Amino acid sequence: MKKNLLLLLLFLTTIISAQEQYYNGVNLNQEGLALKEELANKTIAAHTNILSYGWPALQATDVNPENDQEVLLIYGYTDSTTGTTSRRRGIDDHGGDSDEWNREHVYAKSLGTPNLGTSGPGADGHHLRPSDVGFNSQRGSLKFADGSGNAGTVSGGWYPGDEWKGDVARIMMYMYIRYADQCKPTGVGIGSTASTPDDMIDLFLEWNVEDPVSDFERQRNTYHDSREQYAQGNRNPFIDNAYLATRIWGGDAAVDSWGIYTSNDDKAPTVPTNVVLNNITTSTIDATWSASTDNEAVTKYEVYANEDLNGETATTSYTLTNLNPNTTYAITVLAKDIANNGSAQSTAVNATTLTDNTPPTIPTNVTISNISGTSFKVNWNASTDDTAVTGYEVYLDGVFNGTTTNTNYTITGLTISTTYSATVLAKDAADNKSAQSTSVSQTTTDGSAVANELFFSEYVEGGNYRKAIEIVNLTGSIVDLSIYSIARQSKGSWETPLALSGFSLSTDDVFVITNSFTENEKLKEESDLGIPNQTPMTFNGDDRIGLFKNGNLIDIIGDLDGTSNFAKDVTLRRLLSVTNPNTTYTTSEWEELPKDTVDGIGIYNSATADVNSSIFNSFKMYPNPTDGNAVYFKITEIAEVNVYNVLGKLIKKATINSNNNSIDTSNLAKGIYLVKINSENQSITKKLIKN
């Protein structure tokens, strides 16, 4: 009998087993990351009993099926109750001594990001297993690596053994969907993500196939989906059906224990008919068609444009996107069922996208930063377009200077102490160009060096891998970074440094290093060097970060050998009055900003950096903060006052002396400003707050 998609979903969500009720409501018809999300939502929602870090749960779940007075030890392989490699041990023989078992994390809790600890993810019953104390100590914090035979160390990691590698793989898959980025496979195992849609690695997919689900795993899984005292309430779906991993992440096919994905069904759906195209724009086409039929059920349709897959849908309509203007496309559709049998493609229907005659909007909020004697950076807000913005052109004094696909551009080869005007325009794929933006003027500095060495200028320790370090060059010369490195100090010891070889840093510019796992667009945009989630870009607020030159420490963030969370969940920004590195962390040199403040990354205005001088010993600026119309200065000499906004743009300029000692602030909006006072070739910079 023919069945439609609804009937299939009802079948899939009514699996005849102890799992029937558990998976009710889960759309197992999904695949890829959509299926991952379905299983993650269920796994998280069903985790209703949060366990403590103890032994009773393991004494209930890990009982030896052949002897209920014993537990089985992960990684063990000798049929003995003594010795580090024993596979079984007395159920009550637990503790911290030799020939005892302990509740151990299947992978070291320190490999979590952050550390899993001994509560929450660190006490999850699916992740804790009985293990010999000594054998687990040998594993330590090694990442999992491929091998063969019995468990033990292999080159660069730890092999769990032929009997246990599938268990490890499925535990990692569970932890990944349950705790997301805190338990990424890339941080736990040695393998490639090239063939997966996220951070799953091929190593775990291979182990999932090579070591099928055991009855012992099913025993543990069934217990946790019970009302027993130490049951969590949630199941590991990859134990229930290892093929779910294949359906999400690809790779060789694991065992489909439900028989719904790899059944004997080899009959393809009928070819979709009556394809109709409408609502055509410069970059999109709407397509509809008549439904296909199948001996089981149609699960999805794939839509092609000129033989290239544009996307897929479970319905009989789809909007093709990312098409080129004024281009003819042959649109076809094919149908697939849950066994991945595919129909032939439908008869092609042609359509031509509209000609694009509309230019992008004009770039706005153009600002200038990172100002030196010979260069500065132009920044702006992104333009929009009816198709897509493909780039920007930057003009200097009305003359074309260069193009970029970013929303910033550095102009070089300038003359010191010279005023320039910059404008920007946007263009699209059809080469439609916007008008040029409002011009912004900027005067280059006099080219004199402010500092004698590189130093840290900003530090970000935020959520979701928002970690960044910024280094600034105020030396007046281009610096080769090959002799520089940064390192993290954890628990009193400096870890392997990150060499900065292959890079150079221009005068009055910054070098930004980020954790490449970050999803923050500002950090990704400003990053000069992205480091995967590994040292030193894994600091968590209690780790020191050092800048080294030829192996010698020249600047530091954090007290050496300290233990406090001196910079957890904050952004630290070096005050512009600081002009040289310091191997002693001094809090007065830093401004502390709220968590996830990243607006200042990649921006450093050297025009506001200065060297404090004795001429300003008696200098004062008041009131500060101010909510009035004037700010007053106590100074003994004639001085020039320059007021900059936080982006480094000069917005006010005045000359003061002991008789005319104030500036008008009535037109300043509420916010933070930098005030630079120059007198007799000396200067000082202060922060001004307008309430």
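A short reminder: the numbers here are calculations on the coordinates, not readings from a lab. In this text, all values refer to a predicted model and were calculated from it rather than measured experimentally. With ideal geometry, Cβ positions are generated from the backbone for all residues, glycine too; neighbour counts draw on all protein chains shown.
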Q. Label 7 Å along Cα→Cβ of Ala314; segment 240-263 residues with amide nitrogen under 20 Å?
A. 241, 243-250, 258-263
Q. Just from its helices, what would the mean residue ellipticity at 222 nm be for the chain, if runs of 4 or more DSSP H residues each count -39500 (n - 2.57) and the sum is divided by every residue, rounded to the nearest 500 deg cm²/dmol?
A. -3500 deg cm²/dmol
**Q.** Size of charge dipole - segment 12-249 - debye, nearest 20, with Cβ of Lys, Arg +1 and Asp, Glu -1, no other charges
**A.** 580 debye
Q.
Less than 12 Å apart at the alpha-carbon level, and either on another chain or at least 8 residues along: which aspartates and glutamates does that give for Lys595?
A. Glu461, Asp569
Q: Normalising by the residue count of the chain, find the relative contact order in percent from Cα pairs under 8 Å and 6+ residues apart.
A: 7 percent
Q.
What FRET efficiency comes out for Asp198 versus Gln229 if R0 is 41 angstrom and r is the Cβ-Cβ distance? Round to the nearest 0.05.
A. 0.70
Q: Within the set of other residues whose C-beta is less than 13 Å from the C-beta of Tyr632, count the net charge using Lys and Arg as +1 and Asp and Glu as -1.
A: +2
Q. In debye, nearest 20: dipole of segment 267-357 around its Cα centre with unit charges on the Cβ of K, R (+) and D, E (-)?
A. 120 debye
Q. If one computes the Cα centroid of segment 485-519 and of segment 392-457, what distance in Å separates the two points?
A. 27 Å
Q | Percent of beta bridges antiparallel (DSSP, the chain, rounded to nearest 5) | A | 95 percent
(Q) Below 9 angstrom from the Cβ of Val389, what's the summed charge of the other residues (Lys, Arg +1; Asp, Glu -1)? (A) -1
Q) In nm, to one decimal, how far is the Thr48 label point from the Asp542 one, both placed 7 Å along Cα→Cβ? A) 3.5 nm
Q: Give, rounded to the nearest 20 debye, the magnitude of the charge dipole that the chain has about its Cα centre when Lys and Arg contribute +1 at Cβ and Asp and Glu contribute -1 at Cβ.
A: 1940 debye
Q: State the volume of the convex hull built on the alpha-carbon positions of segment 392-499, expressed per residue in Å³ and rounded to an integer.
A: 184 Å³
Q) Per residue, what volume in Å³ does the convex hull of the Cα atoms of segment 12-249 enclose? A) 112 Å³
Q: Answer rounded, prolate or oblate for segment 118-172, using the Cα gyration tensor with square roots of eigenvalues a ≥ b ≥ c: rounded when a/c is under 1.5, else prolate when a/b is larger than b/c, else oblate.
A: prolate
Q | All lysines inside 16 Å of Lys377 as judged from Cα atoms, apart from same-chain residues fewer than 8 positions distant | A | Lys522, Lys649
(Q) Is the C-alpha gyration tensor of segment 86-157 telling us rounded, prolate or oblate? Criteria: a/c under 1.5 is rounded; beyond that, a/b larger than b/c is prolate, otherwise oblate. (A) oblate
(Q) Under 5 Å between amide hydrogens, which residues at least 5 positions from Lys652 or on another chain qualify, with H placed 1.01 Å from N in the peptide plane? (A) Val643
**Q.** Formal net charge of residues neighbouring Lys549 (Cβ-Cβ distance under 14 Å; K, R +1; D, E -1)
**A.** -3
Q. For Ser662 and Thr535 in one chain, what is 0.36 nm times their gap in residues minus the Cα-Cα distance, to one decimal in nm?
A. 40.7 nm
Q: Kindly provide the pair-distance distribution of segment 248-350 built from C-alpha pairs, with 10 Å bins from 0 and whole-percent values in order of increasing distance.
A: 15, 43, 27, 13, 3
**Q.** Furthest towards positive pole of dipole, Pro360, Ala630, Val209, structure part the chain, Cβ charges
**A.** Ala630
**Q.** Shape category assigned to the chain from the gyration tensor of Cα positions, a/c cut at 1.5
**A.** oblate
Q. Once the Cα atoms of helix 32-46 and of the chain are each reduced to a long axis, what angle between those two axes, in degrees from 0 to 90 to the nearest 10, is obtained?
A. 80 degrees
(Q) Nearest 10 degrees is fine. How inclined is helix 165-179 to the longest principal axis of the chain, computing both from alpha carbons? (A) 50 degrees
Q. Gap in Å between the Cα centre of segment 51-66 and the Cα centre of segment 238-300?
A. 41 Å
(Q) Can you give me the angle between helix 215-224 and the longest principal axis of the chain, using Cα atoms only, in degrees from 0 to 90, rounded to the nearest 10? (A) 60 degrees
